[in-house]
Amino acid sequence: GNQTYNQLVNVVIEGNDASAALQKDPNVSNHDELSDKATRGSVIHHFLERTAHQLTQYGLTVLHEYVKEGDMVVFFRNNHFNTLTKHEGHLYLLVTDFGYADVSSVVWEKLDVIDGDTEYVTGEFKVPPPVEHHVSNVASGEQLMANNLQANSDYQLALQLSRESETMSPANNRAAGPKMSDLERAQQASLWEQQQQYQQQQ
């Protein structure tokens, strides 16, 4: 249908809730309605998993039809805003990856496949010459130390915020309290990821 990504995620959540209600009481009065919601949520969940990069072949085809030659548009994919343009019938994304910050010959990334296998081009949309590895592209000891300090301070702040939210939460005993919301699970996953990064740096 014509639903946004967030609307589809809500359908998945409703489907999960309906499935849980059916498991809890299979003889519930609105069994058919809950069953339909559970099925729809499951189908959409599997679709979103298969298209986790947030672009389908159909979507790429629509982009080719919608974006006119020379247009510059904002494109949202993988939770990032990108600049998208069309040049000689091909779609290109402006390269903003930090790994290419010192590679002045790479400006655009061709968007012609959905799996990320891509080609990089110059500002004139030509394939750049091979880039040799320069010492200037390698982070200095000071840069590595600054990155480590920033990661450590980010981790400490996340840990502090997590502890504060646990003490302020009326249900700080998770075993006795209500089930965690999706937002709480997302926050915990983010904290866990930061902890993993911090531990890897130690």
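The values are calculated or read from the model by the stated rules, or taken from the named source; none is laboratory data. All values reported here derive from a predicted model rather than from experimental measurement. Because the Cβ atoms are built from the backbone with ideal geometry, glycine has one as well, and the counts that use them run over all protein chains shown. Keep in mind that these areas ignore ligands, DNA and RNA; they rest on the heavy atoms of the full protein, side chains included. Shrake-Rupley method; radii C 1.70, N 1.55, O 1.52, S 1.80 Å.
Go through the range 48-73 residue by residue and tally those that are among the hydrophobic types (A, V, I, L, M, F, W, C) and in contact (Cβ under 8 Å) with a residue 24 or more places away in the chain. Reasoning before the result, please.
In the first step, residues of the range 48-73 are kept if they are among the hydrophobic types (A, V, I, L, M, F, W, C); the result is 48, 52, 55, 60, 62-63, 67, 72-73.
Filter once more, keeping what is in contact (Cβ under 8 Å) with a residue 24 or more places away in the chain: 48, 55, 60, 63, 67.
Residues in the range 48-73 being among the hydrophobic types (A, V, I, L, M, F, W, C) and in contact (Cβ under 8 Å) with a residue 24 or more places away in the chain: 5 in total.
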Exercise. Could you please find all residues in the range 45-63 being surrounded by 13 or more Cβ atoms within 10 Å (Cβ to Cβ), among the aliphatic types (A, V, I, L, M) and either modelled with pLDDT of 90 or more or outside any helix (DSSP H, G or I) (or both)?
Key: L55, L63
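Looking only at the range 73-110, which residues are within 16 Å of the chain's Cα centre (by Cα) and under 22 Å from Y5 (Cβ atoms)? First the steps, then the outcome.
To start, the set of residues in the range 73-110 that are within 16 Å of the chain's Cα centre (by Cα) comprises 75-82, 96-97.
Result: F75, F76, R77, N78, N79, H80, F81, N82, T96.
Report yes if some residue within the range 124-131 is open to solvent by 40 Å² or more (accessible area, probe 1.4 Å) and either outside any loop (DSSP other than H, G, I, E, B) or within 30 Å of N10 (Cα to Cα) (or both); otherwise report no.
The first filter runs over the range 124-131 and keeps only residues open to solvent by 40 Å² or more (accessible area, probe 1.4 Å), leaving 124-127, 129-131.
This time we only want the ones that are either outside any loop (DSSP other than H, G, I, E, B) or within 30 Å of N10 (Cα to Cα) (or both), so: none.
The answer is no; no qualifying residue exists.
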Self-check item: Hits in the range 4-27 - residues which are in contact with a helix residue (DSSP H, G or I) (Cβ under 6 Å, 6 or more places away or on another chain) and either in contact (Cβ under 8 Å) with a residue 40 or more places away in the chain or more than 29 Å from L55 (Cα to Cα) (or both)
Solution: L8, A21, L22
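Going through L34, L8 one at a time, which residue ends up being surrounded by 12 or more Cβ atoms within 10 Å (Cβ to Cβ), touching a Phe, Trp or Tyr at 6+ places or on another chain (Cβ under 9 Å) and either not in a loop (DSSP other than H, G, I, E, B) or not aliphatic (A, V, I, L, M) (or both)?
That would be L8, the only listed residue that is surrounded by 12 or more Cβ atoms within 10 Å (Cβ to Cβ), touching a Phe, Trp or Tyr at 6+ places or on another chain (Cβ under 9 Å) and either not in a loop (DSSP other than H, G, I, E, B) or not aliphatic (A, V, I, L, M) (or both).
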Quiz item: If you go through the range 81-106 one residue at a time, how many are open to solvent by 30 Å² or more (accessible area, probe 1.4 Å), over 26 Å from Q57 (Cβ atoms) and assigned to a loop (DSSP other than H, G, I, E, B)?
Solution: 4
Quiz item: For the range 68-80, what are the residues that are open to solvent by less than 50 Å² (accessible area, probe 1.4 Å) and either more than 18 Å from Q57 (Cα to Cα) or among the β-branched types (V, I, T) (or both)?
Solution: V73
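Determine whether A20 is open to solvent by 30 Å² or more (accessible area, probe 1.4 Å), in a helix (DSSP H, G or I) and among the aliphatic types (A, V, I, L, M).
Working: open to solvent by 30 Å² or more (accessible area, probe 1.4 Å): yes; in a helix (DSSP H, G or I): yes; among the aliphatic types (A, V, I, L, M): yes.
Judged against the criteria, A20 is a match.
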Quiz item: Can you pull out the residues in the range 107-123 that are modelled with pLDDT of 90 or more and closer than 19 Å to T56 by Cα?
Solution: E109, K110, L111, E119
